[in-house]
1. Scanning region 28-49 for residues that are of a type in the set (Gly, Ala, Ser) and surrounded by fewer than 24 Cβ atoms within 10 Å (Cβ to Cβ), which turns out nearest to ALA137 (Cα to Cα)?
2. I'm trying to understand the selection: among the residues of region 50-70, which are in a helix (DSSP H, G or I) and either buried (at least 24 other Cβ atoms within 10 Å of the Cβ) or touching a Leu at 6+ places or on another chain (Cβ under 7 Å) (or both)?
3. Cβ-Cβ distance below 6 Å, separation of 6 or more or different chains: which pairs start in region 3-30 with a residue that is among the charged types (D, E, K, R) and end on one that is loosely packed, with under 12 Cβ neighbours inside 10 Å and in a strand (DSSP E or B)?
4. Considering SER189, SER172, SER214, which residue is farther than 21 Å from GLY68 by Cα, part of a strand (DSSP E or B) and modelled with pLDDT of 95 or more?
5. Can you tell me which condition THR161 does not meet? The list is (1) within 29 Å of THR19 (Cα to Cα); (2) not in a loop (DSSP other than H, G, I, E, B), and all the others hold.
6. Considering region 71-81 alone, what residues qualify as being buried (at least 23 other Cβ atoms within 10 Å of the Cβ) and either in contact with a strand residue (DSSP E or B) (Cβ under 7 Å, 6 or more places away or on another chain) or within 22 Å of GLY218 (Cβ to Cβ) (or both)?
7. Would you point out the residue of region 128-162, among those that are over 23 Å from VAL56 (Cα atoms) and among the charged types (D, E, K, R), that is modelled with the lowest pLDDT?
Amino acid sequence: MKPTIERGRATTPDGRLLTLHEHDGGFLIRVDGVELMSTRQHLSEERLAELACAAVRSTPAVRVLVGGLGMGYTLRKALAALRPDARVTVAELVPAVIEWNRNPDFRLGADALADERVEVVTADVADLLRTRRGWHAVLLDVDNGADGLTTAANDGLYTATGLAAAAAAIVSGGCLAVWSAADDPAFVSRMERAGFTVTTERARLRAGGGSRASLFIGRRR
């Protein structure tokens, strides 16, 4: 059996341990020992970007906010779906995650981060939703669902107040797309009360079967 090797570690703002591991040519990130993401399971993240960008890809100078850099899959797929004049801002809370992605030895998101359309901000995505307006699409892939796994402060993103802030920051007809490991009818109801028309899609994590994630796609009314 090939060993799992720790390649990096960092601490989230509320003290949780974030670690990067390599195993048999693949990489994974864990938070307090719980797997958060993996290079072997990323189809659902790419599908999230496809769905979020579908309605705005023809809009000139579209502005997209990606909450959570992860391993770069969501960002890369969003860039592929958008026009050359698009602007994509990535909000990543943990500086080490940005460093891991920029390290060419890890084969993660260095190519996507080098795209001239991309702005990377070391910040809480909730702060950007409160301070910047006019987003055409907002993609949230920062936890395993509608609760704060990576950091407890993320809980606020999924409350009625957090969703109201997102709705205020997104243009009419724009999109709020949220990745979740499981269905969450209560969260869908909160999105709808915040002013979104919501559809849910179950998307495979990897080719060939296995688990599926839930993608909540909200269009701002």
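1. Per the stated criteria, the residue is SER38.
2. Selection gives LEU51, ALA52, CYS53.
3. Pairs found: GLU22/ILE5.
4. SER172
5. (1)
6. Passing the criteria: MET71, TYR73, THR74, LEU75, ALA78.
7. ASP147
The values are calculated or read from the model by the stated rules, or taken from the named source; none is laboratory data. It should be emphasised that the depicted structure is a prediction, and the values quoted were computed from it without experimental measurement. Cβ sites come from the backbone with ideal geometry, for glycine too, and all protein chains shown count toward neighbours.
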